[in-house]
1. State all residues of segment 20-51 that are under 14 Å from the mean Cα position of the chain (by Cα) and loosely packed, with under 15 Cβ neighbours inside 10 Å; if no residue qualifies, say none.
2. Looking only at residues that are at pLDDT below 80 and over 15 Å from the mean Cα position of the chain (by Cα) in segment 53-79, which one is surrounded by the fewest Cβ atoms within 10 Å (Cβ to Cβ)?
3. For the list (1) surrounded by 12 or more Cβ atoms within 10 Å (Cβ to Cβ); (2) at pLDDT 80 or above, I need the number of the one condition that residue 87 fails.
């Protein structure tokens with residue numbers, strides 16, 4: 001489970017597409033100006049924890065980004081739970097159905 005600081009950094013990096021973001025920019029913008037004024041380096045230990053857990057990755061210029069999710073060969077589709085029940089009762093095999101949450105958020109919340 002992620003703590004509050006890790007969530008702040010995660011959602012900030014999620015909004016930055018797949019580009020590497022410098023640590024100073026993360027410290028400044030992820031939790032707002034007030035947090036930056038209180039402690040200018042607040043995100044450094046948070047990013048190190050996230051790096052150890054495999055949530056983020058670092059490039060050679062010390063920029064951070066979210067680690068890309070592994071791509072599977074099977075493409076999954078979201079189906080409403082009621083429709084999924086009807087299809088399963090029909091005797092089909094539906095392993096590629098996503099039932100609940102967005103798969104990316106479920107993956108990163110499980111780390």
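1. Residue satisfying the conditions is 51 alone.
2. So the residue we want is 73.
3. Of the numbered conditions (1) surrounded by 12 or more Cβ atoms within 10 Å (Cβ to Cβ); (2) at pLDDT 80 or above, the odd one out for residue 87 is (2).
The values are calculated or read from the model by the stated rules, or taken from the named source; none is laboratory data. Bear in mind the structure is a predicted one, so any value in this text is a computation, not a measurement. As a convention, Cβ positions derive from the backbone with ideal geometry for all residues, glycine included, and neighbour counts pool all protein chains shown.
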